Amino acid sequence: MKTPVDIAVTGAAGQISYSLLFRLAAGDLLGPDQPIVLRLLEITPALEVLRGVVMELHDCAFPLLHKVIITDDPKVAFDNIDYAFLVGAKPRKQGMLRSDLLSQNAEIFLVQGQALNEVANRNVKVLVTGNPANTNAYLAINHAPDLAPECFAAMTMLDHTRAVSQLAQKCGVPTRDIRNMTVWGNHSCMQYPDLHNALVKGRPALDLVEQDWFVDEFMPTVQYRGAEVIKARGQSSAASAANAAIMHMSTWIHGTDEGDWVSMAVPSDGSYGIESGLVFSFPVTVSDGHYHIVKGLDMNEFSLERLRRNEAELVEERQAVKHLL
Ligand code: NAX
């Protein structure tokens with residue numbers, strides 16, 4: 001029997017976690033022979049609900065679930081962990097300014113960055129899902145000076161899979177026939193789902209779909225998909241977000257397929273003119289547990305303009321939390 005691996009999940013009593021925890025315990029991330037310890041973080045008032053979720057986890061009798069720890073202390077949650085899913089964040093309430101939301105969530109990620117810095121494994125992989133995900137990841141990186149910035153990423157994988165699915169449906173092919181999809185920028189409606197490099201069964205997507213469909217249907221459908229789900233379901237995306245979180249972390253661990261890439265929001269190294277350090281969604285390949293931004297793609301003015309708008313939005317978000325940096 002292998003030694004159990006410790007995985008932290010924050011916001012563990014929330015809706016995304018209600019799907020994520022069960023998939024982790026079923027072995028969907030680390031495979032059928034790797035036992036895990038789940039270290040679950042919540043705010044104190046949500047611990048009672050979390051106890052109910054943990055009862056259900058135990059009731060599944062998952063063979064791989066070695067132990068579950070619940071806590072409201074980030075240092076307990078992150079103690080010696082290899083993987084962290086930072087899902088927990090405050091939702092935007094009616095009348096709340098975006099800058100207030102940014103500030104309140106920034107405080108959460110400041111504290112969690114510090115705790116990760118103190119107690120997590122030095123090779124930890126930290127995936128920030130809680131919104132505003134890119135800026136929250138930026139905050140955490142800034143408060144974890146002893147961890148490499150490459151230990152962190154923010155989630156744009158749900159935007160990526162939404163984009164893959166839309167293109168596959170349009171072309172009448174299974175999603176496995178789509179390659180080299182890219183979602184650039186911020187996990188917000190500003191994001192740029194880009195078809196210029198996407199391939200459908202090896203053929204350029206833009207040879208198969210009209211430019212009008214790309215700009216007037218595909219792009220807004222992906223950008224506003226979250227709002228459409230809320231409108232229909234009355235609640236925000238949960239199972240699909242959990243799936244994307246597992247897919248992001250799994251790709252980070254096991255690597256990308258030969259000839260393909262995925263979208264991940266990672267600290268910029270200046271590629272495509274994006275300010276270094278900003279957490280920006282790029283096309284990335286992964287090998288040996290490390291992500292690499294895909295370089296040298298041809299970018300037309302339409303694409304560059306959308307990258308610049310995303311960069312400007314992220315700089316603005318950073319400005320709103322600068323008192324915490
Ligand atoms: P819920 O409101 O259902 O759950 C959030 C949980 O976080 C709550 O149980 C809350 O008590 C907990 N929490 C709040 N502050 C905390 C803290 N300091 N430490 C630990 N836990 C804390 O939201 P849910 O639907 O699960 O969504 C979670 C986050 O994911 C939200 O910020 C949401 O906007 C974001 N999303 C991000 C996506 C992405 O693609 N990056 C897509 C899905 C989702 O909208």
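Listed values, structure above:
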{"item": "Conditions (1) touching a residue at least 24 places away in the same chain (Cβ under 8 Å); (2) in a loop (DSSP other than H, G, I, E, B); number of the one not met by Ala115", "result": "(2)"}
{"item": "Selected residue (criterion: surrounded by the fewest Cβ atoms within 10 Å (Cβ to Cβ)) from residues of region 216-260 that are among the β-branched types (Val, Ile, Thr) and part of a helix (DSSP H, G or I)", "result": "Ile230"}
{"item": "Residue check, Asp59 more than 15 Å from the ligand (Cβ to nearest atom), among the charged types (D, E, K, R) and either touching a residue at least 40 places away in the same chain (Cβ under 8 Å) or outside the structural domain of Pro132 (by TED's automatic domain parsing) (or both)", "result": "no"}
{"item": "From Ala153, Ala232, residue being over 25 Å from Asp288 (Cα atoms) and either touching a residue at least 12 places away in the same chain (Cβ under 8 Å) or within 16 Å of the ligand (Cβ to nearest atom) (or both)", "result": "Ala232"}
{"item": "Residue that is assigned by TED's automatic domain parsing to the domain that holds Phe218, at pLDDT 95 or above, more than 21 Å from Lys125 (Cα to Cα) and within 15 Å of the chain's Cα centre (by Cα), where the choices are Thr175, Thr182", "result": "Thr182"}
{"item": "Which numbered condition Leu139 misses (of (1) within 13 Å of the ligand (Cβ to nearest atom); (2) in contact with an Asp or Glu (Cβ under 7 Å, 6 or more places away or on another chain))", "result": "(2)"}
{"item": "Extreme residue, surrounded by the most Cβ atoms within 10 Å (Cβ to Cβ), among residues of region 3-35 that are without any contact (Cβ under 8 Å) to a residue 60 or more places away in the chain and on the phi > 0 side of the Ramachandran plot", "result": "Gly27"}
{"item": "Subset of region 99-136 [more than 9 Å from the ligand (Cβ to nearest atom), among the small types (Gly, Ala, Ser) and surrounded by 19 or more Cβ atoms within 10 Å (Cβ to Cβ)]", "result": "Ala106, Gly113, Ala115, Ala120"}
{"item": "Residue match in region 178-200 (condition: on the phi > 0 side of the Ramachandran plot and either among the hydroxyl-bearing types (Ser, Thr, Tyr) or out of contact with any His (no Cβ under 9 Å at 6 or more places or on another chain) (or both))", "result": "yes"}
{"item": "Qualifying residue in region 78-98 (condition: closer than 28 Å to Glu48 by Cα, free of Cβ contacts under 8 Å to residues at least 24 places away in the same chain and away from the ligand (no atom under 12 Å from the Cβ))", "result": "yes"}
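The values are calculated or read from the model by the stated rules, or taken from the named source; none is laboratory data. The model shown is predicted, which means the values in this text are computed figures rather than measured ones. Because the Cβ atoms are built from the backbone with ideal geometry, glycine has one as well, and the counts that use them run over all protein chains shown.
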